[in-house]
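K.L.:
Pasting in a structure now, in structure tokens, and then I'll have a few things to ask.
The values are calculated or read from the model by the stated rules, or taken from the named source; none is laboratory data. Note that the structure is a prediction, hence the values are computed from the model and not measured. In this analysis, Cβ positions are derived from the backbone assuming ideal geometry, glycine residues included, and neighbour counts consider all displayed protein chains.
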Amino acid sequence: MTDPAQQFREAFGRSPDGVWAAPGRINLIGEHTDYNDGFALPIALPQRLTAAAGRRDDGLVRVRSLQFPGVHEFSLEGLAPGSVPDGALYQAGAVWALLKEGHQVGGMDLLVNSTIPTGSGLSTSAALCCATVLAAAGLQGFEPSPAEVARLAQRAENDFVGMPCGIMDQSAVMLAERGRALFLDCRSLETSGEPFDLAAWGLSLLVVDTRAPRRLVEGAYAERRASCEEAARLLGVAALRDVGADTLGAALERLPDERTRARVRHVVSENDRVLQTVELLRAGRAREVGPLLTASHRSLRDDYEVSVAEVDTAVEAVLSAGALGARITGGGFGGCVIALVDAERVDACGEAVRVAFAERGFGSPEVFTALPSQGARRLL
Ligand code: GAF
């Protein structure tokens, strides 16, 4: 990626006062558990977004992105949900969340550049919100803790953008460490860095960006969340986190319909799979994580109903080419598949996906390997 400060100079004709970077993420396991107060295990990607920012003294925020045309401008004065056009929505949400919580924010020019594939469910939006919170606060000489930035960025998406996401993506963006997976308890917000030394294990993490258009994402996501909250209410618990895998059978009997039972079955079994995965990683038994990934996929496909044909095709293709396990990652309805594979099977798995996609008449997928990378930080 070329120098973000130089790009800022070219865009705005002056030097930036600061530059921040925020990565994309993939979630190893623990999907649709975050808003159920459960567990997740994401890593940060090497692909990242940079935000170069320069102060303005007129209360305006001007945003340029090298991935999208045009300059988008909004005023700090009267900033409110619904008042900003799409081109600067996430940046405005981040600024709004800071203002709403009583922090000082000034006008700024902001240049965004990203190597995170957009529209692939790799959390460009969380990276953008986190980077903007960091930039807007940093220009005022204020450095919120990484966990605080994650919370503000989630608030921006929930209350400004209108996406009722949990806190997994923002936590991964802010708190992930190089070479480790981030074990996240979404109730206590406690985190720990877990061993994820793929090279030492002779393994690779393959990412298949199916490039399937992500359909119905926000409405269907909100519907899943509402149905989990309703199930928790019916079961008399604060959140589905409070239903243990050992009492799942009894809990399911108390639910009124098969669809709700399936949603609960996914969330409860997925939390259990995260805990099992963490135990295996700590014991250095990473290969045994494979079947848990595949079980997670089947659960997301059949019980949570967030998969699509392209994603299922990629999962089955890598498994038939010898992957140890594979699953959809992220919110679903399109997006990416991850697979845990022996390092020497990477090419064969990638080829198997390409062949399967060509046979089914799907567009070309993007296949790459990922190493766990560092969370967001200030570069300049
Ligand atoms: C999306 C959301 F933004 C996350 O909060 C999480 O719920 C995820 O879907 C599913 O695990 O990425």
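K.L.:
Would you please name the residue that is nearest to the ligand (Cβ to nearest atom), looking only at residues in region 298-336 that are part of a strand (DSSP E or B) and within 20 Å of Leu281 (Cβ to Cβ)? Walk me through how you get there before you give the answer.
P.N.:
Pass one, region 298-336, residues part of a strand (DSSP E or B): 325-329, 336.
Add one more test, that the residue is within 20 Å of Leu281 (Cβ to Cβ), and what stays is 325-327, 329.
Numbers: Gly325: 17, Ala326: 16, Arg327: 11, Thr329: 8 Å.
The selected residue is Thr329.
K.L.:
Considering Ala356, Ala321, Ala376, Ala286, which residue is small (Gly, Ala, Ser), surrounded by 19 or more Cβ atoms within 10 Å (Cβ to Cβ), without any contact (Cβ under 8 Å) to a residue 40 or more places away in the chain and in contact with a helix residue (DSSP H, G or I) (Cβ under 9 Å, 6 or more places away or on another chain)?
P.N.:
Numbers: Ala356 fails: without any contact (Cβ under 8 Å) to a residue 40 or more places away in the chain; Ala376 fails: without any contact (Cβ under 8 Å) to a residue 40 or more places away in the chain; Ala286 fails: without any contact (Cβ under 8 Å) to a residue 40 or more places away in the chain.
Every option except Ala321 fails the conditions.
K.L.:
Within region 340-372, track down each residue that is within 18 Å of Gln47 (Cα to Cα) and either out of contact with any strand residue (DSSP E or B) (no Cβ under 6 Å at 6 or more places or on another chain) or among the aliphatic types (A, V, I, L, M) (or both).
P.N.:
Taking region 340-372 and keeping what is within 18 Å of Gln47 (Cα to Cα), we get 365-372.
Correct list: Val367, Ala370, Leu371.
K.L.:
Give region 35-48 a look and list any residue that's assigned to a helix (DSSP H, G or I) and either more than 7 Å from the ligand (Cβ to nearest atom) or crowded, with 24+ Cβ neighbours inside 10 Å (or both), or say none. Walk me through how you get there before you give the answer.
P.N.:
Kept after step one, since they are assigned to a helix (DSSP H, G or I), are these residues of region 35-48: 35-36.
Within region 35-48, Asn36 is the sole residue that qualifies.
Okay, residues lined up against (1) out of contact with any Gly (no Cβ under 9 Å at 6 or more places or on another chain); (2) without any contact (Cβ under 8 Å) to a residue 24 or more places away in the chain:
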{"site": "Val61", "(1), (2)": "no, no"}
{"site": "Ser65", "(1), (2)": "no, no"}
{"site": "Gly78", "(1), (2)": "yes, yes"}
{"site": "Ser83", "(1), (2)": "yes, yes"}
{"site": "Gly87", "(1), (2)": "no, no"}
{"site": "Ala92", "(1), (2)": "yes, no"}
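K.L.:
Name the helices (runs of 4 or more DSSP H) wholly inside region 111-213 in which the number of residues that are within 16 Å of the ligand (Cβ to nearest atom), more than 19 Å from Val337 (Cα to Cα) and in contact with a Leu (Cβ under 8 Å, 6 or more places away or on another chain) is 2 or more. Quick ask: steps written out before the conclusion?
P.N.:
Details: elements: 124-138, 146-155, 168-175, 198-201.
By residue number, 124-138, 146-155, 168-175.
K.L.:
Next question, about the same structure. Yes or no: Thr132 touching a helix residue (DSSP H, G or I) at 6+ places or on another chain (Cβ under 8 Å), surrounded by fewer than 22 Cβ atoms within 10 Å (Cβ to Cβ) and within 30 Å of Ser83 (Cα to Cα)?
P.N.:
Values: touching a helix residue (DSSP H, G or I) at 6+ places or on another chain (Cβ under 8 Å): yes; surrounded by fewer than 22 Cβ atoms within 10 Å (Cβ to Cβ): no; within 30 Å of Ser83 (Cα to Cα): yes.
No; evaluated as a whole, the condition is false for this residue.
K.L.:
I'm trying to understand the selection: among the residues of region 215-243, which are of a type outside the set (A, V, I, L, M, F, W, C) and at pLDDT 95 or above?
P.N.:
Filtering region 215-243 down to residues of a type outside the set (A, V, I, L, M, F, W, C) leaves 215, 218-219, 221, 223-225, 227, 229-230, 233, 236, 241-242.
Listed by number, the residues that qualify are Tyr221, Glu223, Arg224, Arg225, Ser227, Glu229, Glu230, Arg233, Gly236, Arg241, Asp242.
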